[in-house]
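Report on the structure given below.
The values are calculated or read from the model by the stated rules, or taken from the named source; none is laboratory data. Just so it is clear, the model here is predicted, and its values are computed rather than measured. Because the Cβ atoms are built from the backbone with ideal geometry, glycine has one as well, and the counts that use them run over all protein chains shown. Note: accessible area is taken over every heavy atom of the protein model, side chains too, but ligands, DNA and RNA are not part of it. Shrake-Rupley method; radii C 1.70, N 1.55, O 1.52, S 1.80 Å.
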Amino acid sequence: MRYLDSNSYYRQRFGHRMYKAALSLDVTCPNRDGSCGSEGCAFCSAGGSGEFASPADLTISESLDMAIGKLSAKTGSDTGFIAYFQSFTSTYCEPDYLRRALLEASAHEKVEAIAVGTRPDCLPDEILDVLSDVNRILPVFVELGLQTSNDKTAEWFGRGYRTGVFDEAVNKLKERGLNTTAHVIFYLKGETREDMLGSVRHVVESGCDGIKITCLYILKGTRVADEWQRGELALPTMEEYFDTIERALEIIPRDMVVHRITGDGPKSLLLAPMWTADKRAVVNYINRRFG
Ligand code: SF4
């Protein structure tokens, strides 16, 4: 690959391929419960970006057994799992609740690392203490939803915090030795290619260890779905999207892990761009162009 993709990174670090077992905690998000918003981000589905995660009403061990069982059946691998707390804002809870959940996950015999998806404004010191403590048992990867470094765009989709909050959070995570990845979304409303590359540059300069980039998906029932139906959003063709990715890869240093350069939204909810639904075609295209 022309960049450090996650498979290569995991092989370097763990000696083999790793698979993410997606889980849900019993949490919501400050952007949904009224603390900083009640409607959620404009692109976020009712499942809080956790459509692939196991249900939150199971214990962590039960959820892991279920998620790992599915992954093993699909991949044939019985080892190398990351317990991925994906839905909503996984640190938007009491520190003790998070501690119990992460310790239960880290005690699972097949789990070799923990990943926690969250917002940078939900990382008070008590939560950082929990993440640091668990990081002494198994590697903890923290994933922050930045989406854009452009505060004006962030206001449009209702992110609910300013980019400076992200910068402070990355500093605190790095001070504690926590591996940090930022999520960026390309083709948010009104953003030019230079805006998107500006977000990538911001993440690189922030000191993050990794980056995940996806295209804006239009999912049923979201606010962006209404805007898209009114013709107010310009989504890229696959070629246009990967032209922008190519420029982004020129900015990203070779030691920064590029966890994703595209994703696949839940098919049952996806309205656009439909090329993202053909996962095999997208993977083949990526391998041809960037392999
Ligand atoms: S912060 Fe995350 S979970 Fe909350 S509304 Fe935005 S995308 Fe959804």
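Miscellaneous remarks
- Measuring only protein heavy atoms, the 1.4 Å probe finds residue 110 accessible over about 60 Å².
- Shape category assigned to the chain from the gyration tensor of Cα positions, a/c cut at 1.5: rounded
- The region of the chain that goes longest without hitting one of the GluC sites (Glu not before Pro) in a DSSP loop, each with at most 12 other Cβ atoms within 10 Å, is 110-231.
- In Hz, Karplus ³J(HN,Hα) per residue of segment 165-174 (6.51, -1.76, 1.60; θ = phi - 60°; x = Gly, Pro): 5, 4, 4, 5, 5, 4, 4, 5, 5, 5
- Under 5 Å, built H, 5+ apart or other chain: amide partners of residue 4: 258
- When the convex hull of its Cα atoms is projected in every direction, mean area for segment 197-282 (nm²): 6.3 nm²
- Electrostatic tally near residue 255: other residues with Cβ closer than 13 Å to its Cβ, Lys and Arg +1, Asp and Glu -1, net 0.
- In segment 82-155, the chymotrypsin sites (Phe, Trp or Tyr not before Pro) that fall in loop regions by DSSP, at most 14 other Cβ within 10 Å: none
- Accessible-area order (highest first, 1.4 angstrom probe) of the listed residues 119, 201, 254: 254, 201, 119
- Cα-based equivalent ellipsoid, segment 5-153: semi-axes from gyration tensor eigenvalues, Å: 25, 17, 16
- Per-residue ³J(HN,Hα) for segment 154-161, Karplus 6.51 cos²θ - 1.76 cosθ + 1.60, θ = phi - 60°, Hz, x for Gly and Pro: 4, 5, 4, 8, x, 4, x, 8
- The chain, helix-only ellipticity at 222 nm - DSSP H runs n ≥ 4, -39,500 (n - 2.57), divided by all residues, nearest 500: -12500 deg cm²/dmol
- Think of it this way: in the chain, 29, 36, 93, 122, 208, 215 stand alone, with no other Cys Cβ under 4.7 Å.
- Part-to-part distance (alpha-carbon centres) for segment 96-133 and segment 153-173, which is given in Å: 21 Å
- Length-normalised contact order of the chain in % [C-alpha pairs under 8 Å, at least 6 apart]: 18 percent
- Accessible surface of segment 4-290 [probe 1.4 Å, protein heavy atoms]: carbon and sulfur percent: 48 percent
- Difference of contour (0.36 nm per residue) and Cα-Cα distance, residue 58 to residue 36: 5.1 nm
- Accessible area per residue for the chain is 44 Å², calculated with a 1.4 Å probe on protein heavy atoms, without ligands, DNA or RNA.
- The string of couplings for segment 205-222 from the Karplus curve (6.51, -1.76, 1.60, θ = phi - 60°) is 6, 5, x, 4, 8, x, 9, 10, 10, 9, 7, 4, 9, 9, 10, 3, x, 9 Hz, one whole number per residue in order, with x for Gly and Pro.
- Accessible-area order (highest first, 1.4 angstrom probe) of the listed residues 238, 256: 238, 256
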